Amino acid sequence: MVSTQTQIAGFSFDNCLMNAAGVACMTIEELEKVKQSAAGTFVTKTATLQARAGNPEPRYQDVPLGSINSMGLPNHGLDYYLDYLLDLQKIEPDRTFFLSLVGLSPEETHTLLKKVQDSDFKGLTELNLSCPNVPGKPQIAYDFEMTDKILSDVFDYFTKPLGIKLPPYFDIVHFDQAAAIFNKFPLCFVNCVNSIGNGLYVEDESVVIRPKNGFGGIGGAYIKPTALANVHAFYQRLNPTIQIIGTGGVLTGRDAFEHILCGASMVQVGTTLHKEGVGSFERITEELKVMMAEKGYESIEDFRGKLNHLN
Ligand code: RRO
């Protein structure tokens, strides 16, 4: 019997596949569809304190090898997602869900996390340190001093299970420096990677999205090698208590297999979910199970992190 069951921070999930924040998770209706699909759980759209309309449309475009977006953090505000999750906890006490959030300033981030801390929320919180699309706001996790300070302040009061969503890093020294910071804190997970920030897609002599003159975060097949590198780099560097969630370029069961091989305990689907809908979870899970069966693996722990290096 092949199983794709997994655990994060001691919580069990029937399947290691779920949505990536930003896709199919802005409204309760979308979240319900993911909940009722083959996905093991869901994460909500990154929430700010107040609801936001986000950037002008068109602001997301599927393209042949992936996607480009500059959504600009549109969301219904923390209370919308937190109230829904608190209700869900009563209806589905045996399932665990992820709440994604970030403030527009460090102060707002602390306000959000204190609200979560003071609530009855029993799930996992993901602090998004890597939104590439709010004009004038650089990605937090590219500023190591700021990241260290925010995490240090957060863990003065936050005692619930917390992970962080990271942007891709592109230099070995940055993997080393980032991991040294994350290892100082009782993080439950890091999620690698958010979209590759500020790419540009050109078609018919034009950009394809309106905000920021067409610059936007790149997802999909384009980013799998970068995502796998980040998953594996942090798998090799982080304390074993900090688990890895792998996100980026998951189109097939083989892609999910590769994320797990590089060290991921959970795998998120973003662009493919946007292109194909929630049926993608069943397809990718089936493909992953077939591949595991062919290789004689019964659980993802049989091969997780066991990527071969050449001598
Ligand atoms: O809303 C967005 O523009 C957005 C966010 Br918050 C993020 O974390 N990653 C992304 O590609 N887009």
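The values are calculated or read from the model by the stated rules, or taken from the named source; none is laboratory data. Being a predicted model, the structure only gives us computed values, none of them experimental. Don't worry about glycine lacking a Cβ; one is built from the backbone with ideal geometry, like all the others, and counts go over all protein chains shown. With ligands, DNA and RNA removed, areas are computed over all heavy atoms of the protein, side chains included. Shrake-Rupley method; radii C 1.70, N 1.55, O 1.52, S 1.80 Å.
Assorted remarks:
- Cα-centre dipole for the range 184-311 with unit charges at Cβ (Lys and Arg positive, Asp and Glu negative), debye to 20: 500 debye
- Think of a 1.4 Å ball rolled over the protein heavy atoms: the range 4-299 then has 41 Å² of accessible area per residue.
- The helix-based estimate of mean residue ellipticity at 222 nm for the chain, built from -39,500 (n - 2.57) per DSSP H run of four or more residues and divided by its residue count, is -10000 deg cm²/dmol to the nearest 500.
- Charges were assigned to the Cβ only: +1 to each Lys and Arg, -1 to each Asp and Glu. The resulting dipole of the chain about its Cα centre is roughly 240 debye.
- Percent carbon-and-sulfur accessible area, the range 4-299, ignoring ligands, DNA and RNA, probe 1.4 Å: 52 percent
- When the pairs Lys165/Lys224; Lys122/Lys289; Lys45/Lys289 are compared against a 25 Å limit on Cα-Cα distance, Lys122/Lys289; Lys45/Lys289 fall above it.
- For the chain, the relative contact order works out to 21 percent when only alpha carbon pairs closer than 8 Å and six or more residues apart are counted.
- Asp255 - accessible surface, heavy atoms, 1.4 Å probe, Å² rounded to 10: 20 Å²
- Taking Glu126, Glu57, Glu30 in turn, the Gaussian network model of the chain (Cα-Cα springs below 10 Å) assigns the largest fluctuation to Glu57.
- Phi-derived couplings, Karplus 6.51 cos²θ - 1.76 cosθ + 1.60 at θ = phi - 60°, listed residue by residue for the range 61-74: 9, 6, 10, x, 9, x, 7, 9, 9, 9, 5, x, 6, x Hz, with x used for Gly and Pro.
- Springs join every pair of Cα atoms under 10 Å in this Gaussian network model of the chain, and among Thr226, Thr159, Thr272 the largest mean-square fluctuation is at Thr159.
- Legend: Rg and Dmax of the range 4-299, from Cα coordinates, 17.7, 53 Å.
- Projecting the Cα atoms of Gly54, Gly66, Gly197 onto the charge dipole of the range 4-299, computed from C-beta unit charges around the Cα centre, puts Gly197 farthest toward the positive end.
- Under a 5 Å amide H cut-off, with hydrogens placed 1.01 Å from N, Ala47 pairs with Ser100, Leu101, Val102 among residues at least 5 apart or on other chains.
- Distant-in-sequence amide contacts of Ile164, defined by a placed amide H-H separation under 5 Å and a gap of 5 or more residues or a different chain, comprise Leu127, Phe189, Val190, Asn191.
- Charge dipole (Cα centre; +1 on Lys/Arg Cβ, -1 on Asp/Glu Cβ; no other charges) of the range 137-228 amounts to roughly 300 debye.
- For the chain, modelled as a GNM whose springs connect Cα atoms under 10 angstrom apart, the maximal fluctuation among Lys165, Lys289, Lys137 occurs at Lys137.
- Applied to the range 143-157, the Karplus parametrisation 6.51 cos²θ - 1.76 cosθ + 1.60 on θ = phi - 60° returns per-residue 3J(HN,Hα) values of 10, 5, 5, 5, 4, 4, 5, 4, 5, 4, 5, 4, 6, 5, 10 Hz, with x for Gly and Pro.
- Within the range 4-299, percent of DSSP bridges classed antiparallel, to nearest 5: 40 percent
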